[in-house]
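Laboratory data are not the source of any read-out in this text; all were calculated from the coordinates shown. This structure is a prediction, so every number in the text was calculated from the model and none was measured. Here the Cβ positions follow ideal geometry from the backbone for every residue, glycine too, while neighbour counts run over all protein chains shown.
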Amino acid sequence: MKAAAFDYVRPREIAQVFALLEEYGDEARIIAGGQTLLATLNMRLSEPQLLIDIGALDALRGISVSGDHLRIGALVTHAQIEDSDLVRRHAPLLSEVAPHVAHRAIRNLGTFGGSIAFADPAAEWPTCLVALRGWVIVSGATGERRIHADDFFLDLYTTALQPGEVVLACEVPVATATSNHQFDELVRRHGDYAIVGAAVTGGMTANGLIENPRVVFLGTGNVPERAHAVEALLETTALTRDTAAQFADALDIDPAADLYHSAQTKLHLSRVVLKRLLHKFAEARIEVRHEGDQHA
Ligand SMILES: Cc1cc2nc3c(=O)[nH]c(=O)nc-3n(C[C@H](O)[C@H](O)[C@H](O)COP(=O)(O)OP(=O)(O)OC[C@H]3O[C@@H](n4cnc5c(N)ncnc54)[C@H](O)[C@@H]3O)c2cc1C
């Protein structure tokens, strides 16, 4: 199928974007990398009158460190994240996850901001943003807002973005010497959207407890889903190779079935992923302890 006819503009100023969003309301759509939107237009799931291409807004580009946060402009592509030394140094979880997002051809065009704004429950970036305690910076005609990732993803493809607002950038706290992270997902073929996946983050301590742990799943619910019971265990009981398996069994999420997998299968697969991640986390902790012993 082909998209229905639409008008197209590529503003040079963000104020113009706000004015057009105000004027056209629901009849306007922002287009960034187009890697999701173009498919929905071609399938006529959406027939906007106007496409507003934000690709010429330089203010939405670039990766930088500001204080103790790494800032990623909304127009930064998945490939730029994959290739960035700054990201590798300050938010290594994102560098490791980037190759899991679609294929390189799509990563060359698709943007971080587009993925966050679209909020696909199987997408990697929303889960990473919650796992890293990140922020989404949005702006509209009435000014700028900083929204914590925990409050941004509200429901299926539904975010805290208000009509007329645009995602400007996202920020994540820079990694510290004790930060650790692990990510894994199960996919039918590399580059497909994941069946389930998860990110685990937290601070390593000498006694095996994990400081401020986050265990966040993708593909299990309508939004990035935190496993609160497992987080509580990581905070209160030392993580070892043995307890890793017990913690994974305590997983307290209630995944929804999809077209191909029952809820039971998804829970099983989620536990498989989590067990792997916690094992790797425990290994990393043991390595940190050995390094510490050698330097003592
Ligand atoms: C074959 C295929 C496989 C894929 N696999 C994966 C995958 O494994 N994991 C994954 O996460 N994604 C995957 N994607 C999606 C891809 O990552 C998209 O690039 C991403 O989801 C959307 O980014 P975009 O820049 O292309 O956004 P667009 O398609 O341009 O826009 C998507 C939506 O976000 C809105 N939007 C875009 N930017 C902004 C902004 N700054 N402010 C407000 N609203 C905005 C648009 O209006 C639109 O509603 C896949 C896509 C394809 C085609």
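Hey, can you tell me all the residues within the range 84-136 that are within 19 Å of Ala198 (Cα to Cα) and among the hydroxyl-bearing types (Ser, Thr, Tyr)? Passing the criteria: Ser95, Ser115, Thr127.
Of all residues in the range 235-266, those being of a type in the set (Ser, Thr, Tyr), in a loop (DSSP other than H, G, I, E, B) and more than 16 Å from Leu277 (Cα to Cα) number 3. Residues in the range 29-53 that are of a type in the set (A, V, I, L, M, F, W, C), part of a loop (DSSP other than H, G, I, E, B) and more than 6 Å from the ligand (Cβ to nearest atom): 2 in all.
Screening the candidates Asp184, Asp242, Asp192 for the property of being exposed (fewer than 15 other Cβ atoms within 10 Å of the Cβ), among the acidic types (Asp, Glu) and under 20 Å from the mean Cα position of the chain (by Cα) yields one hit, Asp192.
Pairs linking a residue in the range 102-122 that is under 23 Å from Leu168 (Cβ atoms) to a residue that is assigned to a loop (DSSP other than H, G, I, E, B) and of a type in the set (Ser, Thr, Tyr), with Cβ atoms under 6 Å and 6 or more positions apart or on different chains, are Phe118/Thr36; Ala119/Tyr157.
Residues of the range 182-230 that are small (Gly, Ala, Ser) and assigned to a loop (DSSP other than H, G, I, E, B): Gly191, Ala194, Ala206, Gly208, Gly219, Gly221, Ala227. Scanning the range 6-56 for residues that are among the aromatic types (Phe, Trp, Tyr) and free of Cβ contacts under 8 Å to residues at least 40 places away in the same chain yields a single hit, Tyr24.
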